[in-house]
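Scroll down for the structure; my scribbles are underneath it.
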Amino acid sequence: MALFSTIPSYENSALLRNPNIALNKSPSPRISIGSLRLISLKIRATHTQVADSSSVQPLLTKPLEITQLPIFQFDEYLSMKAKKVEKALNEAVPLQYPKKIHRAMRYSLLAGVKRVRPVLCLASCELVGGDQSLAIPTACAVEMIHTMSLIHDDLPCMDNDDLRRGKPTNHKAFGEETAILAGDALLSLAFEHIAAKTTKVVSPERVVRAIAELGSAVGSSGLVAGQIVDILSEGKEVTLEELEYIHVHKTAKLLEASVVCGAIIGGGNEGEVERMRKYARCIGLLFQVVDDILDVTKSSEELGKTAGKDLASDKATYPKLMGIEGAKNFAAKLVAQAIEELAHFDAAMAAPLYCLANYIANRQT
């Protein structure tokens, strides 16, 4: 099985060498994705835990022995960060003339989701010692680009979907022409927003680095590359290596940029930024593996989007190539690798990122 075979940084990955990944030089904990129900991760030394969610099956069949952490209220953390991002996004795209295009932009951008990518950006910024306010413009930019990708992905010439985030897709609500323009406007606004709104406390060099990172993630060496290879692969036999290329570029690259840009804006050194990149590559691919599993195990009502689309269009997915259990096992290895990268940081500061990895693994939509 190819694991990160297309990413140079992972040529000597512990995942490639040994499926039983070492964590802090101890045997890897046995991990079961189970039914992928949402839980809060327990990271235990002596008194470590996260606010309990009852009657759920955990990602980790036994707590990870990492280091002592305080009680961490992850649900509250996620809600608080998401509200800050939501407020900033609302202010970034006011309803102004011409109203139709701005209504279309706001319709998809302010759809009331968990804001995983911008929250990852803020958490990464804080992990390396930055204040979250420094990264708010970048976090918003990431969400603008992500929303653009969803609007364009849903178009009749692409995935031709009618449902997104529990409501009609943008082109169904506003028409194809407006949807295309709304996506274009969000993409251009994202880079303008970082350049214009990032505080001068952040050096110009770091702002430029963040813009370059984000541009690379969304262009012909990132999201667009994954999208075109995905389109060209429909109805064809696809290897695991080819599938990995599609999803690393189509999904993981933007999530990786969210984390890396947060670390850059927060003042992280080269070593810290690289650790964050490796963590993000794991959870970025994890996001897609879980997405593939949910597509064949959940209903459209549960997902808030059309279920079974990949199967209907004969697309390659991890469950198709590896089986459901194989895909779950792969997801478990990605979680373990991500957590291994975080072991190099202060455990209390890294708690949100431990929990975000677990949240992604156990999400239901």
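Quick look at the values:
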{"read-out": "Given (1) in a loop (DSSP other than H, G, I, E, B); (2) at pLDDT 80 or above; (3) within 26 Å of residue 285 (Cα to Cα), index of the condition residue 95 fails", "value": "(3)"}
{"read-out": "Inter-residue pairs, beta-carbon under 9 Å, first more than 12 Å from residue 283 (Cα to Cα) and in region 337-349, second acidic (Asp, Glu) and open to solvent by 10 Å² or more (accessible area, probe 1.4 Å), 6+ apart", "value": "344/272; 345/272; 349/126"}
{"read-out": "Enumeration of residues in region 269-297 that are more than 12 Å from residue 128 (Cα to Cα) and either of a type in the set (Val, Ile, Thr) or in contact with a strand residue (DSSP E or B) (Cβ under 8 Å, 6 or more places away or on another chain) (or both)", "value": "283, 289, 290, 293, 296, 297"}
{"read-out": "Scan of region 314-365 for residues that are in a helix (DSSP H, G or I) and of a type in the set (Lys, Arg), ordered by number", "value": "320, 328, 333"}
{"read-out": "Of all residues making up region 198-217, the number that are surrounded by 15 or more Cβ atoms within 10 Å (Cβ to Cβ) and not small (Gly, Ala, Ser)", "value": "8"}
{"read-out": "Residues that are crowded, with 18+ Cβ neighbours inside 10 Å and of a type in the set (Gly, Ala, Ser), drawn from region 335-365", "value": "336, 338, 350, 351, 357, 361"}
{"read-out": "Flag if residue 173 is within 30 Å of residue 364 (Cβ to Cβ) and either modelled with pLDDT under 95 or not aromatic (Phe, Trp, Tyr) (or both)", "value": "yes"}
{"read-out": "Among residues of region 228-286, those that are part of a helix (DSSP H, G or I), among the β-branched types (Val, Ile, Thr) and open to solvent by 10 Å² or more (accessible area, probe 1.4 Å), counted", "value": "4"}
{"read-out": "Checklist (1) in a loop (DSSP other than H, G, I, E, B); (2) without any contact (Cβ under 8 Å) to a residue 40 or more places away in the chain applied to residue 159, failing item", "value": "(2)"}
{"read-out": "Region 51-91: number of residues that are polar (S, T, N, Q) and at pLDDT 95 or above", "value": "1"}
{"read-out": "Among residues of region 128-150, those that are of a type in the set (S, T, N, Q) and out of contact with any Leu (no Cβ under 7 Å at 6 or more places or on another chain), counted", "value": "2"}
{"read-out": "Number of the exception - residue 177 against (1) assigned to a helix (DSSP H, G or I); (2) crowded, with 20+ Cβ neighbours inside 10 Å", "value": "(2)"}
{"read-out": "Residue list for region 106-136, filter: in a helix (DSSP H, G or I) and open to solvent by less than 10 Å² (accessible area, probe 1.4 Å)", "value": "109, 118, 119, 120, 121, 122, 123, 124, 125, 135"}
{"read-out": "Candidates 190, 212, 195 - the one that is in contact (Cβ under 8 Å) with a residue 12 or more places away in the chain and within 22 Å of the chain's Cα centre (by Cα)", "value": "190"}
{"read-out": "Qualifying residue in region 135-144 (condition: without any contact (Cβ under 8 Å) to a residue 24 or more places away in the chain and not hydroxyl-bearing (Ser, Thr, Tyr))", "value": "no"}
{"read-out": "Members of region 199-209 that are in contact (Cβ under 8 Å) with a residue 12 or more places away in the chain and of a type in the set (D, E, K, R)", "value": "206, 209"}
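The values are calculated or read from the model by the stated rules, or taken from the named source; none is laboratory data. All values derive from a computational prediction rather than experimental measurement. Positions of Cβ are generated from backbone atoms using ideal geometry, with glycine treated the same way; all protein chains shown enter the neighbour counts. Calculation scope for accessible area: heavy atoms of the full protein, side chains included, ligands and nucleic acids excluded. Shrake-Rupley method; radii C 1.70, N 1.55, O 1.52, S 1.80 Å.
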